[in-house]
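The next block holds one structure in the form of structure tokens; read it before the comments.
The values are calculated or read from the model by the stated rules, or taken from the named source; none is laboratory data. Quick caveat: nothing in here was measured; it's all calculated off a predicted structure. Cβ sites come from the backbone with ideal geometry, for glycine too, and all protein chains shown count toward neighbours. Accessible surface areas use protein heavy atoms only, side chains included; no ligands, DNA or RNA. Shrake-Rupley method; radii C 1.70, N 1.55, O 1.52, S 1.80 Å.
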Amino acid sequence: MPAILGSPPAFPDGPPPWPPPNENVAAAVQVALASGRWGQYHGPCVATLETQLTATFGVPHAITCASGTLAVEAALRSVGVAAGDEVILAAYEYESNFLTLHALGAKPVLVDVSPGNWNLDPAQLATAIGPKTKAILVSHLHSGLVPMNAVLAVADAHGIAVVEDAAQCPGATIGPRQCGSFGSVGTLSFGGSKLLSAGRGGALLFRESRAYQRAKLWLNRGVQPWAPLSELQATVVLPQLANLDADTQRRLASVQFLRERPVPGLQVFDNGSAVQTPAFYKAGFRYDPAAFGLPRELFCRAMRAEGIAFDVGFKALHLGRSPSRFRAVGDLAEATRASENCVKLHHPVLLHPPDVLERVARTIENVYRNAVRIRAAFPPS
Ligand SMILES: Cc1ncc(COP(=O)(O)O)c(C=O)c1O
């Protein structure tokens, strides 16, 4: 019987903690403490991290900063987005990116998402471009990847900048290139739940030196950065960056394991091309309540009762918001579907061994088999 009906949960201790215990991080912190450099304004780890980010992402310049949200704002400013401009983004997006555009006085132009992975559909871009379009803001969300070569083809043809938000996908690749390195500017987050975590923090990745210079100017007051990453934060990110490839492969294998245990109504995002390697900040699923037999919220509640961290996805930006706050391109029907049906599995469990993944798969199957009983026990109010 599932835990939501009274049985003991599959994972009595709940979802695994994040960040997990990491002896390399602990050792790096010890060195920083012992040397006293953890308190320095211009310590060596920040500079080393910025250098390693350029090498990892294959870009000429990187700047670390206080958060992913700030990185997105700095990136938009660095490509010249200002009041009165239009910026195109997916209607299913991280909400604060939309709000950052408002903070800059720019108008969000919302386009629909692809049916396979509920991420920005590049086929929608050409019709969205107008005389005021300054940039395209692309996020890769819930392990979905946006085909960046298709985005760049449209952007380059119109002379429009691309800001690529890779907060959710460090380690993901499209062909030989890292996600985050396609845009004129890419951004990362080192927030507490992120794959590379410093508790807080972010970074900008630049392909172009003009945007890099503009961001540097904006992020500094005189010689002083006003929202930097600290030396201690950089200290803890470095060992995680060194292990990013290995962790990405482990998470990928875990999701492949779950993919091979299909359950009706729960389909892992499909990126549609073998040359794309996603990274799993969350594993996104297309949920079909009719096929699974449970309303989406009740599915997540049942999984949470088992100690498995499934949550509903984002609310699409065009829903419940005044149309004066954006310009919509088309009916955004797929973004509405994403808003109503997306579920996502939080990533920490994906670094666990096969027996844990086996328990996750069995628990999902058990909830599926008992959907009728769960529905009967929790009728709609
Ligand atoms: C796609 C995306 N962009 C930006 C951010 C913001 O990052 P931060 O929390 O570091 O400000 C997040 C955070 O979840 C995110 O998911």
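Things worth noting here:
- Only listed residue being more than 16 Å from the ligand (Cβ to nearest atom), of a type in the set (Val, Ile, Thr) and open to solvent by less than 10 Å² (accessible area, probe 1.4 Å), chosen from VAL111, VAL72, VAL79: VAL111
- Residue check, GLY199 in contact with a strand residue (DSSP E or B) (Cβ under 9 Å, 6 or more places away or on another chain) and within 16 Å of the ligand (Cβ to nearest atom): no
- Among (1) assigned by TED's automatic domain parsing to the domain that holds GLY192; (2) surrounded by 13 or more Cβ atoms within 10 Å (Cβ to Cβ); (3) not in a helix (DSSP H, G or I), the one test that ALA32 misses: (3)
- Residue match in region 58-68 (condition: within 16 Å of the ligand (Cβ to nearest atom) and assigned to a helix (DSSP H, G or I)): yes
- Elements of the type strands (runs of 3 or more DSSP E) sitting completely within region 203-312 and holding at least 3 residues that are in contact (Cβ under 8 Å) with a residue 12 or more places away in the chain and open to solvent by less than 20 Å² (accessible area, probe 1.4 Å): these cover 282-287.
- Each residue in region 174-199 was checked for being open to solvent by 20 Å² or more (accessible area, probe 1.4 Å) and within 15 Å of the chain's Cα centre (by Cα), and 4 of them qualify.
- Residue among ARG259, ARG207 that is of a type in the set (Lys, Arg), farther than 30 Å from GLU365 by Cα, modelled with pLDDT of 95 or more and out of contact with any helix residue (DSSP H, G or I) (no Cβ under 8 Å at 6 or more places or on another chain): ARG207
- For region 96-108, the candidate set comprises residues that are within 14 Å of the ligand (Cβ to nearest atom), in contact (Cβ under 8 Å) with a residue 12 or more places away in the chain and open to solvent by 20 Å² or more (accessible area, probe 1.4 Å); within that set, the residue that is farthest from GLY68 (Cα to Cα) is ALA103.
- The residues of region 324-338 that are assigned to a helix (DSSP H, G or I) and either open to solvent by less than 30 Å² (accessible area, probe 1.4 Å) or within 15 Å of ILE88 (Cα to Cα) (or both), listed by number, are ARG325, GLU334, ALA335, ALA338.
- Filtered by the rule that a residue be over 19 Å from the mean Cα position of the chain (by Cα) and modelled with pLDDT under 95, region 274-295 gives ALA274, VAL275.
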